[in-house]
Amino acid sequence: MTIEPITRRCKVCRRPFTIEVDEVALHASLARQHPDEGWSLPQRCTPCRAARRQARYVVVDDGDDEVRTCERCGRDYVFGGRDKAFWASQGWTRPRHCRPCRQARHVG
C-alpha cells in the first residue's frame, strides 16, 4: 500500500490544501498507536490550524475567572479577571502553569 498526498478543502476558509505524504503517514501511525484518541487527518489548512492554536493562548480580558489546568503538575488553578487584565496589558499569552510551578521554575 503506497501513501499518497491528499487534497482537502479547509473547513474554515474553504480553500483547498494538500496533506503531504509524511503527514498522512504520521497521522496513520498515531491512529494505530492510540486508537482510542480518535486521530484523523486535518480538516483545516496550515494557516487556519496555526490561527486556531494561537487563539487558545490569547488572553481576553472579559473580567470572568477561568479555571485552567497546570501543564506541569496537573492541578486546576483559577486565572482570575484581575490577572487577565494584567496579562492582557502586558501582551502576554495565557499562563500554562499554576503560580507555584511558575515560581519554582524562576527560582531554580
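Every number here is computed from the coordinates shown, using simple stated rules; none is lab data. All values derive from a computational prediction rather than experimental measurement. We place every Cβ from the backbone using ideal geometry, glycine too, and count neighbours over all the protein chains shown.
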Residue order, fewest to most beta carbons within 10 Å, for ILE6, ILE19: ILE6, ILE19
Shape of the chain, Cα gyration tensor, a/c cut at 1.5: prolate
Proxy reagent accessibility, fewest Cβ within 10 Å first, across THR2, THR18: THR2, THR18
Normalised alpha carbon radius of gyration of the stretch 66-107 [divisor 2.2 N^0.38 Å]: 1.13
Contact order normalised by residue count of the chain, Cα under 8 Å, 6+ apart, percent: 18
Efficiency of FRET between ARG44 and THR2 - r from beta-carbon atoms, R0 25 angstrom, step 0.05: 0.45
Rounded to whole Hz, the Karplus (6.51, -1.76, 1.60) HN-Hα couplings of the stretch 19-28, x for glycine and proline: 9, 5, 4, 5, 6, 4, 5, 4, 5, 5
Over the chain: helical MRE at 222 nm, DSSP H runs n ≥ 4 each giving -39500 (n - 2.57), nearest 500: -11500 deg cm²/dmol
Likely footprinting exposure, TRP92, TRP87, fewest C-beta neighbours within 10 Å first: TRP92, TRP87
